[in-house]
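**Q** Quick one: structure below, then a few questions.
Where a number appears in this text, it was derived from the coordinates with a stated rule and is not lab data. As the structure is a computational prediction, the values presented were derived from the model and not from experiment. All Cβ positions, glycine included, derive from the backbone under ideal geometry; neighbour counts span all protein chains shown.
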Amino acid sequence: MSTTERPRILVVGGGYVGLYAARRILKKMRYGEATVTVVDPRSYMTYQPFLPETAAGNISPRHVVVPLRRVLPKAEVLTGRVTTIDQERKVATVAPLTGEAYELPFDYLVVAMGAVSRTFPIPGLAEQGIGMKGVEEAIGLRNHVLEQLDKADSTTDEAIRRKALTFVFIGGGFAGAETIGEVEDMARDASAYYTNVSRDDMRFILVDAADKILPEVGPKLGVYGREHLESRGVEVYLSTSMESCVDGHVVLKNGLEVDAHTIVWTAGVKPNPALSRFGLPLGPRGHIDCEPTLQVAGTDHVWAAGDNAQVPDLVGRKAGNENAWCPPNAQHALRQAKVLGDNVVSGMRGFPQKEYRHANKGAVAGLGLHKGVAMIVVGGKRIKLKGRLAWYMHRAYHGLAMPTWNRKIRVFADWTLGMFLKREVVSLGAVESPREEFYEAAKPTPAAVPKPAETATVSGEAARVS
């Protein structure tokens, strides 16, 4: 960590907002005007809309992450967590991955910590559930699903086989619907290589507490999405929830009980709980209370945006909805980050702040290869698309929204190769514990000394023989 007398702009979080805000600040800032410090427990940013395709093997995991130090060469990138912030002293406490925590002074603060999975105290969820917030979880889900096919193909126990081939997904929003669509696609393709496993042997279940799925694209496309998934053999249970999943025994509120080795949790997100220790005003759901300028309410040196911020939707409020707030999606995060970066530089120079204003451009979702739904707003009119054309819109939008040309090219290259080559269906579950095999080979072997019971048995048998 460098020490400097220049003003420090501390960016807490290296996700979508943190990365783009820091890039914008560095671009607009004069040489030597300030030090930009980015703190995040990971050294890379993850483009979360691509996690379902990563889990299905359509995109390489390395291509959906952006290394912070490479993209922000003029910034100071610290790998660790900001645990607390003293607003009066303008000091943040940073806990690095190793070593003792230390204090880091700042002059301007950007809070972009994003969100974490919203969970409930459901028995068994912590032990059995698989999230979909990070690339590590996407890789883990892919390996896990393919391992279940391996397990089912190799056993003669029907109960083990049935449990291995049952996949339960909780949450029918973008994350849940896209993930089950992609994973079902992958499992269907993979089953062609197994002697004793077919798609008919598998059971996919999607559960949501609401009365519809994909609410972001509207009710009609939501109905189409549900009917499409059902046509592929996915069981969709709406207006219900999971009550428990101890040892993989899933109990739904509607009375359905099923055993499953795979339980994927995508039932929404919530602001990072660490925000409660930052001394900032929070809204009723734990988001940072922000002005339309993205400044935190009651401050002149703190800004926030993205999933951890409660930002007024000025376009929605102008249309008559006085309680409109910007939804937590990549569309708003990208545009908020640019306005935030400009406002930080303006605030540092004593210039007026600009209000964030953005009209919704629609939403796109992929439900597997060549399948999707899209709602595009053009000239105030909503255009609804479904099927292959919507899938093309989904890939085009997110492919272009992927940060840096380096990653854009790599993602499009993955897609292009996928047009000519078959999908990879190899499970690399051993990457989660790569040293296990070496440890088994290298650990000391105890001397082969017969146990007392074994010695007595041998002696007795020898006596009888004699």
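**Q** In units of 2.2 N^0.38 Å, what is the alpha-carbon radius of gyration of the chain? Write down the numbers at each step before the final one.
**A** Details: Rg = 25.9 Å, N = 466, 2.2 N^0.38 = 22.7 Å.
That ratio works out to 1.14.
**Q** Take the alpha carbon atoms of segment 295-370, find their center, do the same for segment 135-203, and report the distance between the two centers in whole angstrom.
**A** 38 Å
**Q** Continuing with this model, one more query. What residues have an amide H closer than 5 Å to that of Trp303, excluding those fewer than 5 places away on the same chain, when H is modeled at 1.01 Å from N in the peptide plane?
**A** Close amide H contacts, sequence-distant or interchain: Leu109, Val110, Val111, Val296.
**Q** What is segment 119-267's relative contact order, in percent, from Cα pairs under 8 angstrom and six or more apart in sequence?
**A** Working: 263 pairs, mean separation 52.1, N = 149.
It comes to 35 percent, rounded to a whole number.
**Q** Principal axis lengths of segment 361-421 from Cα atoms, whole Å, largest first?
**A** 36, 25, 13
**Q** Would you calculate the separation in nanometres between label points at Ala319 and Gln87, each defined as 7 Å from the Cα along the Cα-to-beta-carbon direction?
**A** The modelled label-to-label distance comes out at 3.3 nm.
**Q** Taking R0 as 45 Å, what FRET efficiency do you get between Arg357 and Arg232 from their Cβ-Cβ distance, rounded to the nearest 0.05?
**A** Values: r = 40 Å, r/R0 = 0.90.
So, using R0 = 45 Å, E works out to roughly 0.65.
**Q** Just to confirm the number: angle between the C-alpha axis of helix 219-231 and the first principal axis of the chain, 0 to 90 degrees, nearest 10?
**A** It works out to around 20 degrees.
**Q** Hey, another quick one. For the chain, build the charge dipole from Cβ charges (+1 Lys, Arg; -1 Asp, Glu) around the Cα centre, then report which of Val373, Leu26, Tyr102 sits farthest towards its positive end.
**A** Leu26
**Q** Contact order normalised by length for the chain, with contacts defined as Cα pairs under 8 Å and 6 or more residues apart; what percent is it?
**A** On the way: 907 pairs, mean separation 78.3, N = 466.
The value is 17 percent.
**Q** A further question follows. Quick one: work out the % antiparallel among DSSP beta bridges in the chain, nearest 5. Intermediate results must be reported in sequence, preceding the final value.
**A** Numbers: 36 of 69 bridges.
Roughly 50 percent of the DSSP beta bridges within the chain come out antiparallel.
**Q** Which ordering of Trp325, Trp405 is given by a fewest-first count of other beta-carbon atoms within 10 Å? Present the calculation step by step, with values, prior to reporting the outcome.
**A** On the way: Trp325 18, Trp405 8.
Lowest count first: Trp405, Trp325.
**Q** Using alpha carbons only, what's the Rg to Rh ratio of segment 50-155 with Rh from Kirkwood?
**A** On the way: Rg = 19.2 Å, Rh = 17.6 Å.
That ratio is 1.09, to two decimals.
**Q** Any idea how far apart Ser43 and Thr299 come out in nm if each label point goes 7 Å out from Cα toward Cβ?
**A** Reported label-point gap for Ser43 and Thr299 is 2.9 nm.
**Q** Got a sec? Charge dipole of the chain, +1 on Cβ for Lys and Arg, -1 for Asp and Glu; which of Gln128, Ile85, Ala297 is way out at the positive end?
**A** Toward the positive end, the furthest listed residue is Ala297.
**Q** Normalised by the residues of segment 1-148, what does the relative contact order come to in percent, with Cα pairs under 8 Å and at least six apart? Spell out each step's value before the answer.
**A** Numbers: 245 pairs, mean separation 42.9, N = 148.
Result for segment 1-148 is 29 percent.
**Q** Which entries in Lys212/Lys384; Lys253/Lys386; Lys163/Lys253; Lys28/Lys354 show an alpha-carbon gap greater than 23 Å? Kindly include the intermediate steps, with their values, before the conclusion.
**A** Working: Lys212/Lys384 17 Å; Lys253/Lys386 32 Å; Lys163/Lys253 20 Å; Lys28/Lys354 15 Å.
Among Lys212/Lys384; Lys253/Lys386; Lys163/Lys253; Lys28/Lys354, the Cα-Cα distance tops 23 Å for Lys253/Lys386.
**Q** Same structure again: Rounding to the nearest 10 and keeping the result within 0 to 90°, find how far the Cα-based axis of helix 16-28 lies from the longest principal axis of the chain.
**A** The two axes meet at around 40 degrees.
**Q** Quick one: what does P(r) look like for segment 225-382 with 5 Å bins over all Cα pairs, in whole %?
**A** Final binned percentages: 2, 7, 12, 14, 14, 13, 12, 11, 8, 5, 2, 1, 0.
**Q** So, with +1 on the Cβ of K and R and -1 on the Cβ of D and E, and no other charges, what is the size of the charge dipole of the chain about its Cα centre, to the nearest 20 debye?
**A** Values: 57 positive and 51 negative charges, 465 e Å.
Computed charge dipole of the chain: roughly 2240 debye.
**Q** Under the 0.36 nm per residue contour assumption, what length would be gained going from the current alpha-carbon distance of Asn196 and Tyr102 to full extension?
**A** On the way: separation 94, 0.36 × 94 = 33.84 nm, distance 5.67 nm.
Here the segment from Asn196 to Tyr102 would lengthen by 28.2 nm.
**Q** Can you give the angle from 0 to 90° between the axis of helix 405-420 and the longest principal axis of the chain, with both taken from C-alpha atoms, to the nearest 10?
**A** Rounded to the nearest ten degrees, it is 40.
**Q** Quick one: putting +1 on the C-beta of Lys and Arg, -1 on the C-beta of Asp and Glu, what dipole do you get for segment 101-234 around its Cα centre, in Debye to the nearest 20?
**A** Values: 14 positive and 22 negative charges, 73 e Å.
Roughly 360 debye, rounded to the nearest 20.
**Q** Please state the Cα pair-distance histogram of segment 119-267 with 5 angstrom bins from zero: what percent is in each bin?
**A** Bin by bin from 0 Å, the calculated values are 2, 10, 20, 23, 21, 15, 7, 2, 0, 0.
**Q** Report the rotationally averaged projected area of segment 128-168 based on its alpha-carbon convex hull, in square nanometres.
**A** Working: hull surface 11.7 nm².
Computing the convex hull of the Cα atoms and averaging its projections yields 2.9 nm².
**Q** Also: Straight distance only, please: which aspartates and glutamates reach the Cα of Lys371 with their own Cα at less than 16 Å, same-chain residues fewer than 8 apart left out?
**A** Counting by Cα, and skipping residues close in sequence, Lys371 has these aspartates and glutamates nearby: Glu53, Glu178, Glu182, Glu184, Asp185, Asp189, Glu227, Glu230.
**Q** Assign unit charges at the C-beta atoms only (+1 for Lys and Arg, -1 for Asp and Glu), then state the dipole size of segment 361-421 relative to its Cα centre in Debye, rounded to the nearest 20.
**A** Values: 11 positive and 1 negative charges, 49 e Å.
That gives a dipole near 240 debye.
**Q** Starting from the Cα-Cα distance between Arg6 and Thr119, subtract it from 0.36 nm times their residue separation and give me the gain in nm to one decimal. All intermediate terms of the calculation are to be shown ahead of the outcome.
**A** Details: separation 113, 0.36 × 113 = 40.68 nm, distance 4.19 nm.
Length gained between Arg6 and Thr119: 36.5 nm.
**Q** Between the DSSP loop rule and a limit of at most 11 other Cβ atoms within 10 Å, which trypsin sites (Lys or Arg not before Pro) in segment 1-107 are left? Walk me through the numbers before you get to the answer.
**A** Working: sites: Arg8, Arg23, Arg24, Lys27, Lys28, Arg30, Arg42, Arg62, Arg69, Arg70, Lys74, Arg81, Arg89, Lys90; in loops: Arg30, Arg42, Lys74, Arg89, Lys90.
Of the trypsin sites (Lys or Arg not before Pro), the ones in loops of segment 1-107 whose Cβ has at most 11 other Cβ atoms within 10 Å are Arg30, Arg89.
**Q** For the chain, what does -39500 (n - 2.57) per DSSP helix run (n ≥ 4), summed and divided by total residues, give at 222 nm, in deg cm²/dmol to the nearest 500? Don't skip to the answer; put the middle values down first.
**A** Values: 14 runs with 160 residues, N = 466.
Value at 222 nm, helices only, nearest 500: -10500 deg cm²/dmol.
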